[in-house]
1. Using a Förster distance of 35 angstrom, determine the FRET efficiency expected from the C-beta separation of residue 101 and residue 185, and round it to 0.05.
2. Which percent, to the nearest 5, of DSSP beta bridges fully inside the chain are antiparallel?
3. Among 196, 55, 20, which one shows the highest mean-square fluctuation when the chain is modelled as a Gaussian network with alpha-carbon springs under 10 Å?
4. Take every Cα pair under 8 Å in the chain that's 6+ residues apart, average their separations, divide by the length, and report that relative contact order as a whole percent.
5. Which of 170, 26, 136 moves most in a GNM of the chain, Cα contacts under 10 Å?
6. For the chain, set up a GNM with springs between Cα atoms under 10 Å and report which of 137, 46, 158 has the largest fluctuation.
7. Out of [x] 0.92; [y] 1.11; [z] 0.98, which label holds the value of Cα Rg over 2.2 N^0.38 Å that was computed here?
8. Using 0.36 nm times the number of residues separating residue 262 and residue 141, minus their current alpha carbon distance, what extension gain do you get?
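A short reminder: the numbers here are calculations on the coordinates, not readings from a lab. Not measured: the values here are computed from a predicted model. Note that we place each Cβ from the backbone using ideal geometry, even for glycine, and neighbour counts take in every protein chain shown.
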């Protein structure tokens, strides 16, 4: 592995560990003690997205924040081992390797279907769910279907890998509040070469291209109904708007909703203080309620 000289350790001061998935080495932050929380990112982000949340929760929780294979500080194989459905398999293996029995699950973007597939398979292990701007159903909207078809072509792949399209173009398009250049760089620099950009391209291809898998997940959504849930939603997200939020609100019997009116797709970056306090209060209050209930 490289030394990642571009990484600002004052912003991301966490020790690193690695787990061999069989398809590549997965970078994992595992800090703190107490009730466990698993943070799952999407594309083209990585555990850096959750840095403030990790720093807050580590004082009274065990916080596990992996970088999905092909992202962040993890290895970047040029294979379909980085496809979203396969990432769910790697995540299951990580949970088993760490011996996690009960934990809260926090997901964002592609981390939704990836992380929630684990919750659907093992709902008894999930103490709480927190969802940031995400989905778990087949993307039938025209923009998603067009993007998947186009980026699945040779030209689309060239564009994605030649220009580092996901962090350079997509992130600025999806955020309402401009990213600080130093922060933006932390989403660009994990992908210095065309080969390193394979996973973001596969995710773009599978936005609508893995619809059968998404349909299989959505068809089992009632398994999540009884889990206490929180929805944290950037209202200015052009990809996942109020219709997606309302769809999620209909899934859970016990759900809290917090919206961030001036945030787009990355509330963790665009409204960091409000996100940190809101999520922290939810996790701590529901954990206290669970203990009181015996």
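1. Working from the Cβ atoms, E equals 0.40.
2. Just about 25 percent of them are antiparallel.
3. Between 196, 55, 20, it is 20 that shows the largest mean-square fluctuation.
4. Worked out over the chain, it gives 19 percent.
5. Of 170, 26, 136, the Gaussian network model singles out 170 as fluctuating most.
6. Evaluated over the chain, the most mobile residue of the options is 158.
7. Comparing each candidate, only [x] matches the computed number.
8. Computed gain between residue 262 and residue 141 is 41.1 nm.
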